[in-house]
1. Which residue pairs have Cβ atoms closer than 9 Å, lie 6 or more positions apart in sequence or on different chains, and pair a first residue in segment 61-73 that is under 13 Å from ARG100 (Cα atoms) and free of Cβ contacts under 8 Å to residues at least 60 places away in the same chain with a second residue that is hydroxyl-bearing (Ser, Thr, Tyr) and open to solvent by less than 80 Å² (accessible area, probe 1.4 Å)?
2. Of all residues in segment 39-56, which are under 14 Å from the mean Cα position of the chain (by Cα) and of a type in the set (Ser, Thr, Tyr)?
3. Looking at (1) more than 20 Å from ALA111 (Cα to Cα); (2) in contact (Cβ under 8 Å) with a residue 12 or more places away in the chain, which one does LEU54 not meet, given that it meets all the others?
4. Which residue, of SER51, SER77, is of a type outside the set (Lys, Arg) and within 22 Å of TYR8 (Cβ to Cβ)?
5. Being at pLDDT 90 or above, among the aliphatic types (A, V, I, L, M) and more than 28 Å from LYS128 (Cβ to Cβ): is that true of ALA97 here?
6. Among the residues of segment 4-23, is there at least one that is among the hydrophobic types (A, V, I, L, M, F, W, C) and within 21 Å of ALA111 (Cα to Cα)?
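The values are calculated or read from the model by the stated rules, or taken from the named source; none is laboratory data. As the structure is a computational prediction, the values presented were derived from the model and not from experiment. Positions of Cβ are generated from backbone atoms using ideal geometry, with glycine treated the same way; all protein chains shown enter the neighbour counts. These accessible areas exclude ligands, DNA and RNA; they are computed on the full protein's heavy atoms, side chains included. Shrake-Rupley method; radii C 1.70, N 1.55, O 1.52, S 1.80 Å.
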Amino acid sequence: PGGFRVKYTNLRWDSKAGYKGRGSYVFDRRGPQWKDGVDSIGAPGVLGNMSQALARAVLEDVATRVTGARGHVHVLSVYDGLLYCVPEIEAQDLKTALLREMSVAPTWWSALPIKGEGAVGQNYGELK
């Protein structure tokens with residue numbers, strides 16, 4: 001959805017990598033956030049990355065609908081959350097609207113069962 005891709009550069013099998021050298025898929029890590037080198041990944045890692053990518057796509061749809069309907073724009077997003085900065089008097093109303101939108105399955109996966117959680121606080125630390 002949305003053209004977002006989970007990429008593993010130069011993904012390949014290495015018979016000596018992984019747990020106790022039993023073999024694992026490995027890929028190249030490059031970029032400013034990573035120390036250049038090779039990293040291994042197994043099924044749990046791939047599934048975790050895919051679920052985070054799907055959660056991000058669902059929340060992107062939610063954020064777009066909320067912005068269109070209410071004019072609020074999120075100030076921070078992580079794969080499983082949206083953060084808004086609004087006047088205190090609007091906070092509970094926005095939370096209610098977000099939770100309602102978070103229970104709507106995306107058009108690209110109408111059978112997806114989803115449910116959101118929300119919190120209101122003075123700072124990000126209070127929300128977790």
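1. That search, which allows pairs on different chains as well, returns ALA63/SER77; VAL66/TYR84.
2. Passing the criteria: only SER51.
3. Every listed condition holds for LEU54 apart from (1).
4. On the way: SER77 fails: within 22 Å of TYR8 (Cβ to Cβ).
Within the list SER51, SER77, the selection yields SER51.
5. Details: at pLDDT 90 or above: yes; among the aliphatic types (A, V, I, L, M): yes; more than 28 Å from LYS128 (Cβ to Cβ): no.
Taking the combined requirement at face value, the residue does not satisfy it.
6. Just the residues of segment 4-23 that are among the hydrophobic types (A, V, I, L, M, F, W, C), to begin with: 4, 6, 11, 13, 17.
Narrowing the set further to residues that are within 21 Å of ALA111 (Cα to Cα) leaves 4.
Within segment 4-23, one or more residues are among the hydrophobic types (A, V, I, L, M, F, W, C) and within 21 Å of ALA111 (Cα to Cα).
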